[in-house]
Amino acid sequence: MKNEDSENSSSTNNYQKHWDTAYSQTPNEKLGWYEDDHSPTFQLLDETTITSHSNILIAGAGSTTLVDALLAKGFSQLIATDISEVSLQKLEDRVGIGKIEIIVDDLSHPNKLSQIASVDIWVDRAVLHFLTESTDQTTYFDLLKSKLKKGGYALFAEFGLGGATKCCGLPIQQYENDQFQSQLGNEFELVSSFNHTYHNPNGDSRKYIYSLFKRI
């Protein structure tokens, strides 16, 4: 019988190597998911009641410039997490040591993230759609619900229906609001949602869904 912990560790190491390689070999602005326009995210953030001192967790942060934009707007309690240590090191080098909290962890097999304090908003930076196994999706949403405060928000930016089926060589799960709601349960309500077409650095377009839920 295989050891489950060994299987989980092997899976995490494989994904970590994949993403570390991607971030090591490609400049930030050439990555297929790079964005310099974060207006879709801020459109949803504007519908929340968070303040500059709210605790914000950015799941699947990578080296996103969303962090820079949040800091520029005065948000000071930021946690950036990703499975790739290379991506987070790039992020920290750019914004400055001590400006944000950095956590290297696997959202499908969380360790350090299980120990953090509750947050006011969980911002998913297009990472959930990479979790294609139902067990990994359940683990992700269990973690989200264990760490999000009552009255807090969950913001998702994922591949929408009819769009891409792969990203960075990996299969993805397309999403619509019923899928979010099913995983979140009745204690969450949809605040706002819209479809968005993202144009990557190569000029290709990708269908996304942006959705904001509130814990009630």
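What follows is calculated from the coordinates using simple rules that are stated; it is not laboratory data. The structure presented is a predicted model; accordingly, all values stated were derived computationally and were not measured. With ideal geometry, Cβ positions are generated from the backbone for all residues, glycine too; neighbour counts draw on all protein chains shown.
If both residues of a DSSP beta bridge must be in the chain, then about 50% of such bridges are antiparallel.
Can you tell me the relative contact order of the chain? Whole percent, Cα pairs under 8 Å, sequence separation 6 or more. Mind showing how you got there, number by number?
Values: 380 pairs, mean separation 41.6, N = 216.
Over the chain, the number comes to 19 percent.
Compared with the alpha-carbon gap, the fully stretched path from residue 26 to residue 142 is longer by 38.5 nm at 0.36 nm per residue. Of 119, 95, 127, the residue with the greatest mean-square motion in the GNM of the chain, using alpha carbon springs below 10 Å, is 95.
Taking 0.36 nm per residue of separation and subtracting the Cα-Cα distance, what length does fully extending residue 176 through residue 216 add? Show your work: numbers first, answer last.
Working: separation 40, 0.36 × 40 = 14.40 nm, distance 2.07 nm.
Value of the extension gain: 12.3 nm.
Exposed loop sites here are GluC sites (Glu not before Pro) assigned a DSSP state other than H, G, I, E or B and surrounded by at most 16 other beta carbons within 10 Å; excluding them, the longest clear run of the chain is 48-132. Per-residue ellipticity at 222 nm from helix content only, as computed over the chain with -39500 (n - 2.57) for each DSSP H run of at least four residues, stands at -10000 deg cm²/dmol.
The residues neighbouring residue 36, those whose beta-carbon lies less than 11 Å from its own, together hold a net charge of -4 under the Lys/Arg +1, Asp/Glu -1 convention.
Less than 17 Å apart at the alpha-carbon level, and either on another chain or at least 8 residues along: which lysines does that give for residue 166? Residue 166 reaches 207.
Counting other beta carbons within 10 Å of each Cβ, put 19, 122 in order, fewest first.
Numbers: 19 21, 122 24.
Starting with the residue having the fewest Cβ neighbours, the order is 19, 122.
Annotation: lysines with alpha-carbon distance below 21 angstrom to residue 112 (same-chain offsets under eight excluded): 17, 90, 99, 145, 147, 149.
Residues 76, 84, arranged from fewest to most other Cβ atoms within 10 angstrom of their Cβ, appear as 76, 84. Cα centroid distance between segment 142-164 and segment 170-216, in Å? What the calculation gives is 8 Å, centre to centre.
Relative contact order of segment 20-103, taken over Cα pairs closer than 8 Å and 6 or more residues apart, is 30 percent.
Fewest Cβ neighbours within 10 Å first, please rank 141, 130 accordingly.
Details: 141 18, 130 21.
Ordered by Cβ neighbours within 10 Å, fewest first: 141, 130.
Rg/Rh for the chain (Cα atoms only, Rh after Kirkwood) is 0.93.
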